[in-house]
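Q: To start, I am sharing the structure in question, which I have written as structure tokens.
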């Protein structure tokens, strides 16, 4: 079954386990799609790229 990847950077769950901060840094501020068995499992979104629902603090 085909899946749409909504990120320019992907990594495997194994890569994330080995080096979590390096995996997130590979996205250079953009979300990183984490793949499990070549299917998207979730996205790592850096906190700096998210807007606070409470406004700027």
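Q: Within segment 30-41, track down each residue that is loosely packed, with under 12 Cβ neighbours inside 10 Å and assigned to a loop (DSSP other than H, G, I, E, B). Even if it seems obvious, please write down each step before you answer.
A: Filtering segment 30-41 down to residues loosely packed, with under 12 Cβ neighbours inside 10 Å leaves 37-39.
Residues satisfying the conditions are 37, 38.
Q: Another question about this same structure. Would you please list the contacts, defined by Cβ atoms under 6 Å and residues six or more apart or on different chains, that run from a residue in segment 18-29 that is surrounded by 15 or more Cβ atoms within 10 Å (Cβ to Cβ) to a residue that is in a helix (DSSP H, G or I) and modelled with pLDDT of 95 or more?
A: Once the first residue is surrounded by 15 or more Cβ atoms within 10 Å (Cβ to Cβ) and sits in segment 18-29, its partners that are in a helix (DSSP H, G or I) and modelled with pLDDT of 95 or more give 23/15; 23/16.
Q: Something else about it: Name every residue in segment 21-39 that is under 10 Å from the mean Cα position of the chain (by Cα) and closer than 16 Å to residue 2 by Cβ, in order of residue number. Walk me through how you get there before you give the answer.
A: Restricting attention to segment 21-39, the residues satisfying the condition of being under 10 Å from the mean Cα position of the chain (by Cα) are 23-27, 29-35.
Once the filter is applied, which keeps residues that are under 10 Å from the mean Cα position of the chain (by Cα) and closer than 16 Å to residue 2 by Cβ, segment 21-39 yields 33, 35.
Q: Could we say that residue 16 is in contact with a helix residue (DSSP H, G or I) (Cβ under 6 Å, 6 or more places away or on another chain) and either at pLDDT 95 or above or in a helix (DSSP H, G or I) (or both) here? Explain how you work it out, then say what you get.
A: Values: in contact with a helix residue (DSSP H, G or I) (Cβ under 6 Å, 6 or more places away or on another chain): yes; either at pLDDT 95 or above or in a helix (DSSP H, G or I) (or both): yes.
For residue 16, the condition - in contact with a helix residue (DSSP H, G or I) (Cβ under 6 Å, 6 or more places away or on another chain) and either at pLDDT 95 or above or in a helix (DSSP H, G or I) (or both) - is met.
Q: Take residue 47 and decide whether it is out of contact with any helix residue (DSSP H, G or I) (no Cβ under 8 Å at 6 or more places or on another chain) and loosely packed, with under 15 Cβ neighbours inside 10 Å.
A: Values: out of contact with any helix residue (DSSP H, G or I) (no Cβ under 8 Å at 6 or more places or on another chain): yes; loosely packed, with under 15 Cβ neighbours inside 10 Å: yes.
Criteria met by residue 47.
The values are calculated or read from the model by the stated rules, or taken from the named source; none is laboratory data. Keep in mind it's a predicted model, so treat the numbers as computed, not measured. Neighbour counts run over all protein chains shown; Cβ positions are idealised from the backbone, glycine included.
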